[in-house]
1. Between residue 17 and residue 520, what length in nm is gained on full extension when 0.36 nm per residue of separation is reduced by their alpha carbon distance?
2. Just to verify a number: FRET efficiency for residue 187 and residue 216, C-beta to C-beta distance, R0 = 35 Å, to 0.05?
3. Determine the gain in length on full extension of the stretch residue 114-residue 298; use 0.36 nm per residue of separation and subtract their C-alpha separation, reporting nm with one decimal.
4. I'd like the accessible area for residue 508, computed on protein heavy atoms only with a 1.4 Å probe and all protein chains in place. Round to 10 Å², please.
5. Residue 370 to residue 52: FRET efficiency via 1/(1 + (r/R0)^6), r the Cβ-Cβ distance, R0 22 Å, to the nearest 0.05?
6. In segment 250-296, with Lys and Arg counted as +1 and Asp and Glu as -1 at Cβ, which of these residues, 283, 267, 252, has the Cα nearest the positive end of the dipole, that is, farthest along it?
7. Please give the FRET efficiency for residue 28 paired with residue 97, using the beta carbon to beta carbon distance and R0 = 51 Å, rounded to the nearest 0.05.
8. Can you tell me the length gained on complete extension of the stretch residue 467 to residue 249, counting 0.36 nm per residue apart and subtracting the Cα distance?
Amino acid sequence: MPEYSTTQTSSGSPLSDLMEKLLKEKKIAFEFQKRKHEDWNDTYELSRGKVKTNRLTQRQAVNIPLMKETEKTILSRIDEAPLVEWKELSGDEMKEIIMQTLWDDFFREKNLEAIDIQDKKTAVRYGRPTKKVVPNGGFYPDVYALDIYDVTYDPLMDPLNIETSRFVIHQNVFRSLREILADKKYSAEGKRKLKVWADSKEGVIQSEQNKEEAKARNERLEAMGVDHDKFPLFAAGDVIVNLTEHYTLLWNKKTKKFERRVVVYANDDTELANDSLKEVIGIEEWPFVTWADDMETNDLWNDSIDDMVRVPNKLINIWFSQLTENRTLKNFQMHWYDATKEGYQPQTYEPGPGRMLPAPGNPNETILPVNVSGLDDTLEAINFLTAVVERATGATAIEKGVGEEKQQTLGEVQVLVGKAMERSTNIAKFYRRSWYDFARKWYKMMEANSRGKKTLFKTARNGKVFQKTIYRGDWISEAGYEPMVRSSSEQEQEGIKGIQKFQFLINMSPNNLALRKIAQKRSLEIVDLSPDELHEIEEAEDQMQKLAEQQAQIQTGLPGQPQPQAQPQAQAATPAGPNEDQEITKLLEELSTV
């Protein structure tokens, strides 16, 4: 546990009033988060297949990958990023198209798809992920998915609204001393103190500790899916400094109000910068977005899906370790022997077919096999615990691609799959709000910081690529924009439910041609088809309908042939009456509210 001194610096000089305040906030936030560290460490090790052995319960380094397969099953349902569509509030369609193209280009350039997967994996594993979006001097701001240990919050913060937090702390920002000294935004006095610290014995020791912490953090990020090129590269002789970016409220004597400020300090005692939040990022909102799928009223650090797997996984590992060790001991074929038998020196012999092994006298009286229990009920107990975890998380055997041992009907399988998908959709609902906040903050930062021009490329459905150079005036809107966020899993679920409703109506009115055409059109819209492809399908359907009508007329017009009874297809050609259309419209309105 780090020690936060609130009285003096590492050199012995007294801390400023500001640094005392900041370190008190940091200590409070750290202790509030510390309760979860032991659980997080266990979860991380189990998900990576690492186990701790001991002399009592688990003496074999074996691991059943229950947590890993649960994570992969859950993520396979929710790993697609939500779709963000921009609506210009004054109705300017051209600005909407440009803003949408800007967002799509930003999505590709900053690799938001990978950040999205990492963010969701953090939610499944630890419970509360955090993204940070900050301007970097370029056209687009930077986006980071932060490590769970690197961000702490005000314990009194409303878990539903990060803007209610009095302070947010981004810690463990590791940078080399030469980078800090070359950075113009840091104060000269702070740089001077860092030079003195780097030449001291304490500085050398702390730098090595910082390197180890940076290495451990990078390993965790790599396990979450972050590429190597996102890690800072340090030379062998670099002095590594641990920076903290402390976002907090400070009293402004001039305005007589609390002001949001960003204080950057090194080693918990050396202040490097102190600026207003608006000067740093251009807006008055915290540059962080956080969410959780299992919200708590009073506890910010809520439980995760992996918390339901952690204890059963540890217990299964212990049982499987004991089973492995007992099988090994049983394979040793150890024996007791009568040590009082004079002249008998026990020997070991290599086993072989038909080999005779000597024993003095009656072997039953001199030699006795060591009885090692087979623990035959272990596998049954492991299957029971695995089933408990599957029911708790919704990651059933069917979802994992494994068939159930008992016989099940197709309907039962569909129900199980549907229930598991509903749980994944619920996770996406919580995540959708975080993407709305992220998109809104992204636009505000773009509006406050982006300058110059940007060349965009837009691909039409026919494959043709259009190029356009846009300037600030092309996308800035006085009325503003509203991001419309829809998760892909929710869209898919809604599409499936819509098809089911239309199928219900078709079954009630099988002879209504207009209803069939509408249902077919809505079903085709769910599939990502180009307008040309949709037109081609509609033409083919019309030709098939005309051909069927012609064949029906030929058959009914032949002399001496019995008149065929009316078929549903022939009746379908009769247009629906006004009463029938009204009934269908009424049914559609009722189903839309289901």
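1. Stretched out fully, the residue 17 to residue 520 stretch lengthens by 174.0 nm.
2. The formula returns an efficiency of 0.70 here.
3. Working: separation 184, 0.36 × 184 = 66.24 nm, distance 3.14 nm.
Going from the current span to full extension adds 63.1 nm.
4. 110
5. Efficiency at R0 = 22 Å is approximately 0.20.
6. Result: 252.
7. Numbers: r = 48 Å, r/R0 = 0.94.
The formula returns an efficiency of 0.60 here.
8. Length gained between residue 467 and residue 249: 74.0 nm.
The values are calculated or read from the model by the stated rules, or taken from the named source; none is laboratory data. Quantities reported herein were computed from a predicted structural model and do not represent experimental measurements. With ideal geometry, Cβ positions are generated from the backbone for all residues, glycine too; neighbour counts draw on all protein chains shown. Accessible surface is based on the protein model in full, side chains and every heavy atom, while ligands, DNA and RNA are left aside. Shrake-Rupley method; radii C 1.70, N 1.55, O 1.52, S 1.80 Å.
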